[in-house]
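The values are calculated or read from the model by the stated rules, or taken from the named source; none is laboratory data. All values reported here derive from a predicted model rather than from experimental measurement. When we count neighbours, we look across all protein chains shown, and the Cβ atoms used for this are built from the backbone with ideal geometry, even at glycine.
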Amino acid sequence: MIRIFLIGFMGCGKTTLGRAYAKEMGLSFVDLDWYIEERFHTSIQQLFSERGEEAFRKIEQRMLHEVAEFENVVIACGGGTPCFYDNMVYMNLQGTTVFLDTSTPTLLRRLKLAQSSRPLLAGKTEEELLQYILTTLEKRMPYYKQVKLKINADYLESRKQIATAVATLKNALEQ
Ligand code: S3P
């Protein structure tokens, strides 16, 4: 039985790589944010604005426990998922955790393009966004470091790069 959790900062490519890897390996793919949106018939932005972050984190944990029962699956977590409650310990018990390591310039470039859909980033100037990435990444690294495997995810822009990253992930998981 295969159950893989992809973790890493917003914009590191969890969804892109997770979907491609699952397709290649004939596994199911679940994006935790999308799963929450479907289950609650709302968007992550709405959940944050209507209920606040604390409530979102409780929902996120509850939904993580649902998807972590699925089998033969690749689960792309939210960037904050491993950093609340005992989620990281739990994921390590339930499956194989993989951290997608991405440099700060890459995160900044990707997140500038996809900032508005993320409640923690919306409305920030480029300088504020950079500061947010630096300080939040530092706080989150102790959690991210508890993974079983780490792979570089700086290059996920073209089909070829995604295919290379899929092969790298496959190799790392086979070791
Ligand atoms: C968050 C990351 C988001 C989403 C929410 C909070 C975070 O997921 O869960 O906006 O705390 O880093 P992505 O990493 O998929 O953007």
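Looking at (1) in contact (Cβ under 8 Å) with a residue 12 or more places away in the chain; (2) farther than 18 Å from LEU149 by Cβ; (3) within 13 Å of the ligand (Cβ to nearest atom), find the lone condition where PRO82 falls short.
Result: PRO82 fails condition (2) only.
Right, GLU24: outside any loop (DSSP other than H, G, I, E, B), out of contact with any strand residue (DSSP E or B) (no Cβ under 8 Å at 6 or more places or on another chain) and without any contact (Cβ under 8 Å) to a residue 40 or more places away in the chain or not?
Taking the combined requirement at face value, the residue does not satisfy it.
Can you name the condition, by its number, that THR97 falls short on among (1) surrounded by fewer than 18 Cβ atoms within 10 Å (Cβ to Cβ); (2) more than 22 Å from SER49 (Cα to Cα); (3) of a type in the set (Ser, Thr, Tyr)?
(1)
For ARG57, state whether it is among the basic types (Lys, Arg) and touching a Gly at 6+ places or on another chain (Cβ under 9 Å). Write out each step before concluding.
Values: among the basic types (Lys, Arg): yes; touching a Gly at 6+ places or on another chain (Cβ under 9 Å): yes.
Spelling it out, ARG57 is indeed among the basic types (Lys, Arg) and touching a Gly at 6+ places or on another chain (Cβ under 9 Å).
Is there a residue being under 15 Å from the mean Cα position of the chain (by Cα), hydroxyl-bearing (Ser, Thr, Tyr) and assigned to a helix (DSSP H, G or I) anywhere in region 40-57?
No, because not a single residue in region 40-57 is under 15 Å from the mean Cα position of the chain (by Cα), hydroxyl-bearing (Ser, Thr, Tyr) and assigned to a helix (DSSP H, G or I).
Among the candidates THR104, THR81, single out the residue that is of a type in the set (Ser, Thr, Tyr), surrounded by fewer than 18 Cβ atoms within 10 Å (Cβ to Cβ), at pLDDT 95 or above and touching a Leu at 6+ places or on another chain (Cβ under 8 Å).
Working: THR81 fails: surrounded by fewer than 18 Cβ atoms within 10 Å (Cβ to Cβ).
Answer to the selection: THR104.
Check off (1) touching a Leu at 6+ places or on another chain (Cβ under 9 Å); (2) surrounded by fewer than 16 Cβ atoms within 10 Å (Cβ to Cβ); (3) within 20 Å of ASP33 (Cα to Cα) for ASP86 and give me the number that stays unchecked.
It is condition (1) that ASP86 fails.
For region 11-34, state whether one or more residues are within 11 Å of the ligand (Cβ to nearest atom), on the phi > 0 side of the Ramachandran plot and surrounded by 13 or more Cβ atoms within 10 Å (Cβ to Cβ).
Here is the first cut: in region 11-34, the residues within 11 Å of the ligand (Cβ to nearest atom) are 11-16, 18, 31-34.
Remaining after also requiring on the phi > 0 side of the Ramachandran plot: 11, 13.
Next, from what is left, pick out any that are surrounded by 13 or more Cβ atoms within 10 Å (Cβ to Cβ): 11, 13.
Yes; the residues of region 11-34 include at least one that is within 11 Å of the ligand (Cβ to nearest atom), on the phi > 0 side of the Ramachandran plot and surrounded by 13 or more Cβ atoms within 10 Å (Cβ to Cβ).
Out of all the residues in region 88-113, which are under 23 Å from LYS150 (Cβ atoms) and hydrophobic (A, V, I, L, M, F, W, C)?
MET88, VAL89, MET91, LEU93, VAL98, PHE99, LEU100, LEU107, LEU108, LEU111
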